[in-house]
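Visitor: Structure below; questions to follow.
The values are calculated or read from the model by the stated rules, or taken from the named source; none is laboratory data. The structure presented is a predicted model; accordingly, all values stated were derived computationally and were not measured. Cβ placement follows ideal geometry from the backbone for every residue including glycine, while neighbour counts extend to all protein chains displayed.
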Amino acid sequence: MSTHTCDDPFVAQKDDPVTVVVKWFAENKRDLPWRAPDVTAWGILVSEFMLQQTQVDRVLPKWLTWMDIWPTPQALAQAPLSDVLRAWQGLGYPRRAMRLHTCAQRIVSEFGGVVPSTQSQLLSLPGVGHYTAAAIAAFAFQQPTVVLDTNIRRVIVRAWTAQALPTTHLTQREVAFASDLVREHDGAQWSAAVMELGALICTSRAPKCDQCPIQATCAWFAEGKPDNAPARRKQPAFAGSDRQARGALLRTVGASQLATTSAIEATWADALQREKAMTSLINDGLVIRVDQGYCLPDN
């Protein structure tokens, strides 16, 4: 039996692993532009919007282009929504672009063009949920917020509870334990470090345990890496999905000032799925139906 487990798996054996992870991060972190010392809070906010459900390598070129075109909330707030949607293409989930556009307008109208620094203020912005608010507060303003994304949760449950993967829904026990870690250390630094460890080393499907700086104190490794992950619903295939149809149709609409009905029909052969996808795009405010066909919204 491993010495890492007890009646309460979230034990207080924290200092050494945290210190080791932070040191590892200082020596191994990726050189990402939104981590630069001179990056603005706006740049960090944009990165957090883009990184929701999108991999870093896809975000990198988009973030650089975005910040070149719209380096401030004021710049984005004044841009036509059609330009924003076109610039977002390739990142997926285009409603995030709409929310970021509205978020910029709210920052200008309610906060004088300055990204707010408190979690409560950040949570009042469109598209900003609890995780995003905590991440912006930590990484832009060095506040000791509890940042818990999938990567962080995975490292914590493996290292301290010998669980292969976290549960689908965040538990209060996890939040309380993570809060203790933040309280006892440099919260912003720890959050960035453990997130990087989860992204690069303690990955979901093929963890690189031989490269992990906390292998010696990891409860999951000590137990022999048991396959004890909570049951999860299988993710639907992307190919042929409604989401793929929406993306293809939105690209066609955004490729010109006006997409004709024939162009839309040529984009997606399944008539029923095509109509369903177009209706959802229109209902989401991403596409406008006009007499001659379809176009992107301008404001």
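Visitor: Return yes or no: is Ala79 modelled with pLDDT of 95 or more and within 23 Å of the chain's Cα centre (by Cα)?
Guide: When the stated conditions are applied, Ala79 does not pass them.
Visitor: Pull up region 272-299, narrow it to residues that are aliphatic (A, V, I, L, M) and in contact with a Cys (Cβ under 9 Å, 6 or more places away or on another chain), then point me to the one that is surrounded by the fewest Cβ atoms within 10 Å (Cβ to Cβ).
Guide: Keep residues of region 272-299 that are aliphatic (A, V, I, L, M), which gives 272, 277-278, 281-282, 286-288, 290, 296.
This time we only want the ones that are in contact with a Cys (Cβ under 9 Å, 6 or more places away or on another chain), so: 287-288.
Working: Val287: 27, Ile288: 15.
Out of the qualifying residues, it is Ile288.
Visitor: I've got another one for you. Only one residue in Arg106, Arg158 is in contact with a Cys (Cβ under 7 Å, 6 or more places away or on another chain) and either crowded, with 17+ Cβ neighbours inside 10 Å or touching a residue at least 12 places away in the same chain (Cβ under 8 Å) (or both). Which one? Talk me through it step by step, then tell me what you get.
Guide: Working: Arg106 fails: in contact with a Cys (Cβ under 7 Å, 6 or more places away or on another chain).
The match here is Arg158.
Visitor: Identify all residues within region 142-155 that are in a helix (DSSP H, G or I) and crowded, with 22+ Cβ neighbours inside 10 Å; write none if there are none.
Guide: Of everything in region 142-155, those that are in a helix (DSSP H, G or I) and crowded, with 22+ Cβ neighbours inside 10 Å turn out to be Ile152, Arg154, Val155.
Visitor: Would you mind finding the one in Ala137, Ala206 that is more than 24 Å from Lys225 (Cα to Cα), free of Cβ contacts under 8 Å to residues at least 24 places away in the same chain and either outside the structural domain of Thr54 (by TED's automatic domain parsing) or buried (at least 21 other Cβ atoms within 10 Å of the Cβ) (or both)? Can you show your working first?
Guide: Working: Ala206 fails: more than 24 Å from Lys225 (Cα to Cα).
Within the list Ala137, Ala206, the selection yields Ala137.
Visitor: Is it the case that some residue within region 241-259 is of a type in the set (Val, Ile, Thr) and farther than 15 Å from Ala159 by Cα?
Guide: Applying the first criterion (of a type in the set (Val, Ile, Thr)) to region 241-259 yields 252-253.
Cutting the leftovers down to farther than 15 Å from Ala159 by Cα gives us 252-253.
For region 241-259, residues of a type in the set (Val, Ile, Thr) and farther than 15 Å from Ala159 by Cα: present.
Visitor: Within region 160-192, how many residues turn out to be farther than 18 Å from Ala219 by Cβ, of a type in the set (A, V, I, L, M) and not in a helix (DSSP H, G or I)?
Guide: 1
Visitor: Taking region 151-182 only, how many residues are touching a Phe, Trp or Tyr at 6+ places or on another chain (Cβ under 8 Å) and over 18 Å from Asn228 (Cβ atoms)?
Guide: Number satisfying all stated conditions: 4.
Visitor: What residue, of Ala245, Ala269, Ala255, is closer than 21 Å to Arg95 by Cβ, surrounded by fewer than 19 Cβ atoms within 10 Å (Cβ to Cβ) and among the small types (Gly, Ala, Ser)?
Guide: On the way: Ala245 fails: surrounded by fewer than 19 Cβ atoms within 10 Å (Cβ to Cβ); Ala269 fails: closer than 21 Å to Arg95 by Cβ.
Going through Ala245, Ala269, Ala255 in turn, just one is closer than 21 Å to Arg95 by Cβ, surrounded by fewer than 19 Cβ atoms within 10 Å (Cβ to Cβ) and among the small types (Gly, Ala, Ser): Ala255.
Visitor: Among the candidates Asp298, Asp227, which residue alone is touching a residue at least 60 places away in the same chain (Cβ under 8 Å) and out of contact with any helix residue (DSSP H, G or I) (no Cβ under 6 Å at 6 or more places or on another chain)?
Guide: Details: Asp298 fails: out of contact with any helix residue (DSSP H, G or I) (no Cβ under 6 Å at 6 or more places or on another chain).
One residue alone meets the criteria, Asp227.
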